[in-house]
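Written below as structure tokens is the structure these notes are about.
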Amino acid sequence: MPALLLLTGPSAGRRYEVLSDMAIGRSPSCEIPLRDDQVSRKHAQLTVHEGEVRLTDLGSRNGTLLNGMRISGEVVLQPGDRVRVGLTMAVFEPPPVTLVEGGPTSPGHVPIEEVLPHVGAAAAMYSAGTALLGATSEAMVLRRLADEVARALSADRAAALLGSNTGLLTAAVSGAESMSVPRSLAQVAMERKELVQAETEMCAPLVASGGMPFGVLYATRADSAFTGGEGQLLAALGRLGGEAYTAVRSRMEAESPAPALLGTSRPLRALVDGARRAANSAAPVVLYGEPGTGKTLLARIVHTRSPRALEPLVVVDCRQPAEAVDEVLFGRASAPGQPPGASALLRADRGSLLLQHVDALPRNLAERLARLLARRVAPARQGGEEPVDVRLLVTASVPVALLGTRGEVDAALARTLMGFELEVPPLRERRADVLTLFDGFLSRAARRVRKEPPVLGADARRLLADYPWPHNVRELELVGERLGLLYAGGRVGALQLPPEVQQGGPASDTQTLQSRVGRLERDAIAEALREAGGKKVRAAALLGISRPTLDKKIEEYGLAVERGRRGEDGR
């Protein structure tokens, strides 16, 4: 029977049998509802036709991926296909497993804790494997690796070292504050990819499959010599640690490109100076200002410039439903078909926890968070609590002290957040940065269609610099993305700008960002249809969307398709 099994995301572990047409999306009315901000309200559609299950994207914001490729139009699903929407990965028609009666006539019942290894090399590898699988940052991999080496080999001291252009850098030490490693041992392990073993010290390469060593593991003890079996164990830990380090590093590079602030205005320079001072401190940082000014980006910059840069930055959006915020912040217990979820506090250990829109955090959750932060502990996955070292970064609309006075933030949490406060200025106060930012957005959009960015005319540049940008950088980005896609390789003059920019101000003071985005989208589609002479396929290609999505948008905005020549059918 056709089915969709959710492997990742907020609803991981759930299985949906596809017996009839089913919608996937954030709306509760969907047959497969997903609590995920990266999923549109009506994201994708599953259709059953003549025994086949077909998948169609419904014009979603982030697209629907099939086996890693973004789909356009309707596709037929095959057994084993992987579908991704937002944070959710699902597999279509997983191999069926049937539960039947019967089994051994005299089955043995042994608690799993008694079956798992507790002594010897198998226990050491089991302990190291579970520790490394739970690591959320490169630095955490190295710390846990050094601890596991010391435990497995009963070593007095152990270290994980990374290579660099100038030699080896000590990344983590267990059993001492610092230690000295013989250069000759480390060099042989690195350069020859060999285990180097003396009586009281050993060195093994830190290496992943298909590559050369990028570091070493070192262990030493004074009371007895290392055996050959212990050398094998250190070499295995070096390989296991290399794979874990490489996997975490690859994931973090893919998810978190290096953040950067563009511009040279005086307010921006002052903000960067404040961020630099905050980064060098261990105190909490509150970033406040109008929506769309880039508070989250600045928080990432504070983290990446701090001593915790190699540790994880865990982001929690407090605007999500209370149940979702509770689960993300404090973790969840395991249930049938659903693995346990580590709390954000635990995942951010030795790193930073970013709370977006802290004023939206429910009062009961804020009180619990303040208690845990005061005691410097986090809910443990196996139950109870364990100590953590977390730096707090938060974004808000106004200073937290004012929110506490108004009663919009729990008083205990407001006191916990006392530290650095940085006001992120609105874009109208940093007009000198507008054109620099806009050129960057144009170039980014043009790269998506593999064309040169459009050239801005003098009148267009003047109008862009003079416009007050009431929705700040976010609005500027939307306009830049639209023009960069639509006029890539061409020219943008004053007449190509949105009407409110041409007029020097918004058409209505009460206009929302959603309505502004809608008008920008409508104008972009109308312009693309005119440029394509009414040919929908060409217009969809200019916009970077699928033909079904274009049809949906044309109907939604009530646009008329004017054909350029007699006989054209708009396809």
Any chance you could check the Cα centroid distance between segment 259-282 and segment 42-65 for me, in angstrom? 44 Å
If the cut-off is a Cα-Cα distance under 22 Å, which lysines reach LYS536, setting aside same-chain residues fewer than 8 apart in sequence? LYS451, LYS552, LYS553
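If DNA, RNA and ligands are ignored and the probe is 1.4 Å, what is the ranking of MET125, MET202 by accessible area, most exposed first? Walk me through the numbers before you get to the answer.
Numbers: MET125 60, MET202 0 Å².
Ranked from most to least accessible, the order is MET125, MET202.
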Which one of GLY25, LEU365, TYR126 is farthest out on the positive end of the charge dipole of the chain, using unit charges on Cβ (Lys, Arg +1; Asp, Glu -1) and the Cα centre as origin? GLY25
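Trypsin sites (Lys or Arg not before Pro) within segment 286-348: which are DSSP loop residues with at most 13 other Cβ atoms inside 10 Å?
ARG319
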The alpha-carbon center of segment 427-471 and that of segment 1-23 are separated, in whole Å, by 43 Å
Going from most exposed to least, what order do ARG54, ARG266, ARG462 have by accessible area with a 1.4 Å probe? ARG266, ARG462, ARG54
Summarise the accessible area of segment 396-473 (1.4 Å probe, protein heavy atoms) by the percent that is carbon and sulfur. 51 percent
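When the solvent-accessible surface of protein heavy atoms is calculated with a 1.4 angstrom probe, in what order do HIS109, HIS43 fall, highest first?
Details: HIS109 160, HIS43 0 Å².
Largest to smallest exposure gives the sequence HIS109, HIS43.
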Using the charge dipole of segment 223-378 (Lys, Arg: +1 at Cβ; Asp, Glu: -1 at Cβ; taken about the Cα centre), state which of THR246, LEU271, ALA374 has its Cα farthest towards the positive end. LEU271
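How many Å² of accessible area per residue for the chain, probe 1.4 Å? Could the numbers behind the result be given before it?
On the way: 29120 Å² over 571 residues.
Dividing the accessible area of the chain by its residue count gives 51 Å².
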Size of electric dipole in the chain: Cβ of Lys, Arg +1 and of Asp, Glu -1, about Cα centre, debye, nearest 20: 1700 debye
Could you work out the relative contact order of the chain? I mean the mean sequence separation of Cα pairs under 8 Å and 6+ apart, divided by the number of residues, in percent. 9 percent
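Just flag the trypsin sites (Lys or Arg not before Pro) in segment 362-413 sitting in loop per DSSP whose Cβ has no more than 15 other Cβ atoms within 10 Å.
On the way: sites: ARG363, ARG368, ARG371, ARG375, ARG376, ARG381, ARG391, ARG406; in loops: ARG376, ARG381.
Here the trypsin sites (Lys or Arg not before Pro) that fit, given the DSSP loop and packing criteria, are ARG376.
Considering only DSSP beta bridges with both partners in the chain, what is the antiparallel share in %, to the nearest 5? Can you show the working numbers first?
Working: 52 of 73 bridges.
Expressed as a percentage, antiparallel bridges in the chain total about 70.
The values are calculated or read from the model by the stated rules, or taken from the named source; none is laboratory data. In this text the structure is predicted, and so the values were computed from the model without any measurement. No Cβ is skipped: glycine too gets one built from the backbone with ideal geometry, and neighbour counts run over all protein chains shown. All accessible areas refer to the heavy atoms of the entire protein, side chains included, with ligands and DNA or RNA removed. Shrake-Rupley method; radii C 1.70, N 1.55, O 1.52, S 1.80 Å.
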